[in-house]
Each structure stands twice: as C-alpha cells, then as structure tokens.
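Structure record follows, encoded as structure tokens.
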Amino acid sequence: MNAQEIKTDYHMHSTFSVDGQDTIETLCWRALALGLTEIAITEHAEWHPQWHAGAPAFDDYFEEINRLRSEFGPRGLTLYSGVELGNPHEFQAQARELVGRYPFDVRLASLHWLYGENIHDASCFAGREPLDVYADYFSAVGHMAAESSNIDVIAHFDRILWRGTLLGAAFRPQSLESIIRDTLATIAWRGLALELNTKLLNLNPGWRSALVTMLQWYHEEGGRRVVVNSDAHRASQIGANLEQARLALSEAGLQPATLQSALSLA
C-alpha cells in the first residue's frame, strides 16, 4: 500500500467506550462508504483513578464484533477487535490480565496521563515550563514503549502538542532531539508500530512541520511501521485529514502499513 492508498484505520471508538458517539455498526457502514477495507474498533481501557468509567463490557463487545464480521466481511470490510490501553506501563498487572483474557487483534498503548493529570487538560501544563512538559511527555512515551508487554502500536505519540498549541506553548523538536530520538528508537527496536493520528492534523496553527521532523527521525532510527489512524469517536471523523497524512508520510520517506505488515501478526 502506498501513500495514495490509505484504506485502513485501526483506531476508533464506539459506544462501548464512554466517549464514543456511534455504534460499531454505524462506524462500519461509514468506513465502507469511504472505501476502507480494514478497520479496528479499539475501546478504552483505563485504570487511572481519575478515569471513572472503568473498562467496557468486553464480553458484549466481542459478541457484537463477531456478529458484524459476518455481515461486513462479504461486503469487503475486514473488522478487527482492539483495545486502547491508557498508560499500560503504569498499570502492568491490569493490562496484562485484560489482554490475556480477550483475543484482541490490535492493542494500542497511549500516554493519557502525565503528573497524574490528563494530557488533554490545561492543568497538565499549570505551573510548569512548557519545554519541561514536552520533555517529560516524550520521555514517558519511551518508558511506555520499553516497559509495556503485549502491545502493538504507540498511539498519537504527538498528542501533547495539541494542548500545548492551544496554550500558545511553542514547540521545536530540535530542542529535545536526543530525548525524542531515544523514544523513537525504542519504538523501532521493540518492533512496535507508530501511529500517525489524523484527528488533529488540520489544526491551525499546528505542528505539522515538527511532526514531519519527528517522523523523519523515526525513519532514521530504523522505524518503518507507521499506521494511519483517525482516533474517531464518531462516524463523521473517519477518514479525516488523510491528505495531510499522505503528505507528512511522503516528506518523511515513509509508507503507511497494514495490520499484517505493521504488527507482525501474520
């Protein structure tokens, strides 16, 4: 698959996640209409004390996944099961028990919590130098990649830049090159896939130039596996900003990967 043929999306949430807006079936119909051929529904699993929703009803989830596989497979859409693990390196026992109990096809690892705060909230930056927050975030992503077992993809590795951008905190990756390169090298060494998350690629002002630089570093550190995902929480977000993703990958000398090539599950 080349950069002009992004027909997969391995990160989206249905109503089985507390913040998902549409059913799995609705997500499938939207993906099919957009010409996608493979998708994964990756529901949240969080154990942080501030996350009050807990884990989804995965028994019911798998029953629905299996039902819809039979419906959409003949239509040309392969449906994978999945989970998005929040800070799994900090909740290793819980994450290990969950992925051992259920046969997830895709296991994402996301750094959602830093300093005990959600990275999407301004409180994560409160009273701190922005450069220190960025440094601590990318360092923590590296620890997550190194210390988490039974994961396949490091999701939205650049997400901290969304909140920082909204707060006007400038980011120059060159100022943290050694830290970021170490993290990207760890991801590559572990054989994990790196996610290029399209959800916020249209933000203006944004961090597209910095993202391309970091993707180039990932390539230089031996990384080849990049999956392009939407992180859709509603059907309308599927397929968003694919042109920006194509351009970023092309400039970094990378190609989008499918599940089998990216995650080595064949």
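The values are calculated or read from the model by the stated rules, or taken from the named source; none is laboratory data. Keep in mind that this is a model prediction, so the values were computed, not measured. Backbone-built Cβ (ideal geometry, glycine too); neighbour counts: all protein chains shown.
Cβ-Cβ distances below 8 Å connect the following pairs, each with a first residue in the stretch 213-224 that is at pLDDT 95 or above, a second residue that is surrounded by fewer than 18 Cβ atoms within 10 Å (Cβ to Cβ), and a separation of six or more residues or different chains: THR213/GLN174; LEU215/GLU251; GLN216/GLU251; GLN216/GLY253; TRP217/GLU177; HIS219/GLY253; GLY222/TRP189. Taking the stretch 40-67 as the range and being in contact with a Leu (Cβ under 6 Å, 6 or more places away or on another chain) and of a type in the set (A, V, I, L, M) as the test, only ALA45 passes.
Kindly provide the set of residues from the stretch 152-179 that are among the aliphatic types (A, V, I, L, M), closer than 22 Å to GLN244 by Cα and out of contact with any strand residue (DSSP E or B) (no Cβ under 7 Å at 6 or more places or on another chain), ordered by number. Residues satisfying the conditions are ILE160, LEU161, LEU166, ALA170. Of the residues making up the stretch 120-148, those that are outside any helix (DSSP H, G or I) and either surrounded by fewer than 22 Cβ atoms within 10 Å (Cβ to Cβ) or among the small types (Gly, Ala, Ser) (or both) are HIS120, ASP121, ALA126, GLY127, ARG128, GLU129, SER148.
Residues of the stretch 11-42 that are surrounded by 23 or more Cβ atoms within 10 Å (Cβ to Cβ) and either touching a His at 6+ places or on another chain (Cβ under 6 Å) or free of Cβ contacts under 8 Å to residues at least 24 places away in the same chain (or both): HIS13, THR42. In the set GLU221, GLU195, only one residue is closer than 25 Å to LEU27 by Cβ, of a type in the set (Asp, Glu) and touching a Leu at 6+ places or on another chain (Cβ under 8 Å); that residue is GLU195. With respect to (1) of a type outside the set (A, V, I, L, M, F, W, C); (2) surrounded by fewer than 16 Cβ atoms within 10 Å (Cβ to Cβ); (3) in contact with a strand residue (DSSP E or B) (Cβ under 9 Å, 6 or more places away or on another chain); (4) closer than 22 Å to ASN229 by Cβ, the lone exception for ARG75 is condition (3). Condition (residue is more than 17 Å from the chain's Cα centre (by Cα), under 20 Å from VAL141 (Cβ atoms), surrounded by fewer than 20 Cβ atoms within 10 Å (Cβ to Cβ) and hydrophobic (A, V, I, L, M, F, W, C)) applied to the stretch 250-263: is it met by at least one residue? No, every residue in the stretch 250-263 fails to be more than 17 Å from the chain's Cα centre (by Cα), under 20 Å from VAL141 (Cβ atoms), surrounded by fewer than 20 Cβ atoms within 10 Å (Cβ to Cβ) and hydrophobic (A, V, I, L, M, F, W, C). Looking across the stretch 171-185 at every residue that is touching a residue at least 12 places away in the same chain (Cβ under 8 Å) and polar (S, T, N, Q), the one that is surrounded by the fewest Cβ atoms within 10 Å (Cβ to Cβ) is identified as GLN174. For PRO74, indicate whether it is out of contact with any Asp or Glu (no Cβ under 7 Å at 6 or more places or on another chain) and either among the charged types (D, E, K, R) or modelled with pLDDT of 95 or more (or both). The answer is yes for PRO74.
Does any residue in the stretch 197-210 that is buried (at least 18 other Cβ atoms within 10 Å of the Cβ) come within less than 8 Å, Cβ to Cβ, of a residue that is of a type in the set (S, T, N, Q) and assigned to a helix (DSSP H, G or I) six or more places away or on a different chain, and which pairs are these? Within 8 Å, the pairs are THR198/GLN244; LYS199/GLN237; LEU201/GLN244; TRP207/THR165.
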